[in-house]
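The structure appears below as structure tokens.
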Amino acid sequence: MDIADHLATTLKALRQQRGWSLSRLADETGVSKAMLGQIERHESSPTVATLWKIATGLNVPFTLFIVPQQAGARAVYDPQQQAMVITPLFPYDEALRFDHLSITLAPGAFSESTPHEKGVIEHVVVISGSLELRTEDQWQTITANHGVRFAGDQPHAYRNSRDETVLFHSLIHYA
């Protein structure tokens, strides 16, 4: 099963387990009913920002949608064709309650993240390049070998205004 199939199947299963209609799922996630239906039918691949909204609305980890439980190969989520590529370094760990992701952001790429569920703390460490991060309505530049920790339950955004790809790790600790 490829990632898109896994995502569609997982979304539908989570919705049905809760006994929710597509309308209720739309209300909980802030994603349109039409888009959710297209994702479930594998007619559309959501952007990273949309997938975060869905994960947050369902109160599940992001990697649940992109890493099949029996995955042998490393999953890569790239709906924007290289603008933002997410590769889980460690899939969600129920005991430790974290996702650890490797993320590349192409030159000129921008990604806005809706707030995660209450109590989420995010740690971002830049491996190479220079990342612009917006938290608390303030932009800051993080360079290679530096990191920042912030409340992930607040709006935040990532931007790469440089000519080189930026590589960073994001450790998302769920409350």
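Across segment 75-175, Cα pairs under 8 Å and at least six residues apart give a relative contact order of 34 percent. Surface analysis of the chain yields an accessible area of 50 Å² per residue, using protein heavy atoms and a 1.4 Å probe.
Backbone amide hydrogens, once placed in the peptide plane, bring residue 90 within less than 5 Å of 100, excluding anything fewer than 5 places away on its chain. Other residues whose C-beta falls under 14 angstrom from the C-beta of residue 54 contribute a net charge of +2, scoring Lys and Arg +1 and Asp and Glu -1.
Solvent-accessible area of the chain (1.4 angstrom probe, protein heavy atoms only): carbon and sulfur portion equals 50 percent. Over the residues of the chain, the helix contribution to mean residue ellipticity at 222 nm works out to -7500 deg cm²/dmol, using -39500 (n - 2.57) for each DSSP H run of at least 4. Among all stretches of the chain without exposed GluC sites (Glu not before Pro) (DSSP loop, at most 12 other Cβ atoms within 10 Å), which one is longest? Result for the longest clean stretch: 44-93. Take the Cα of residue 89, go 7 Å toward its beta carbon, and none of the backbone nitrogen atoms of segment 36-59 fall under 17 Å from that spot. Per-residue 3J(HN,Hα) values for segment 159-170, derived from phi via the Karplus relation 6.51 cos²θ - 1.76 cosθ + 1.60 with θ = phi - 60°, read 9, 10, 8, 8, 8, 10, 5, 9, 10, 9, 10, 10 Hz in sequence order (x marks Gly and Pro). The overall shape of segment 23-175, judged from the alpha-carbon gyration tensor, is rounded, with an a/c ratio under 1.5.
Taking every C-alpha pair closer than 8 Å and separated by at least 6 residues, the mean separation divided by the residue count of the chain gives a relative contact order of 20 percent.
Seen from residue 11, the other residues with C-beta closer than 14 Å to its C-beta sum to a net charge of +3, counting Lys and Arg as +1 and Asp and Glu as -1.
Extending 7 Å from the Cα toward the beta-carbon at both residue 175 and residue 5 defines two label points whose distance is 3.8 nm. The trypsin sites (Lys or Arg not before Pro) of segment 1-56 that DSSP puts in a loop, and whose beta carbon has at most 12 other beta carbons within 10 Å, are 41. A simple spin-label model places pseudo-atoms 7 Å from Cα toward Cβ; at residue 162 and residue 117 they are separated by 3.5 nm.
Taking amide hydrogens as placed 1.01 Å from N in the peptide plane, the amide H of residue 156 sits under 5 Å from those of 113, each at least 5 positions away in sequence or on another chain.
The values are calculated or read from the model by the stated rules, or taken from the named source; none is laboratory data. Quick caveat, the model's predicted, so the values are computed rather than measured. Cβ sites come from the backbone with ideal geometry, for glycine too, and all protein chains shown count toward neighbours. The protein model used for the area step is the full one, side chains on, heavy atoms only, and it has no ligands, DNA or RNA in it. Shrake-Rupley method; radii C 1.70, N 1.55, O 1.52, S 1.80 Å.
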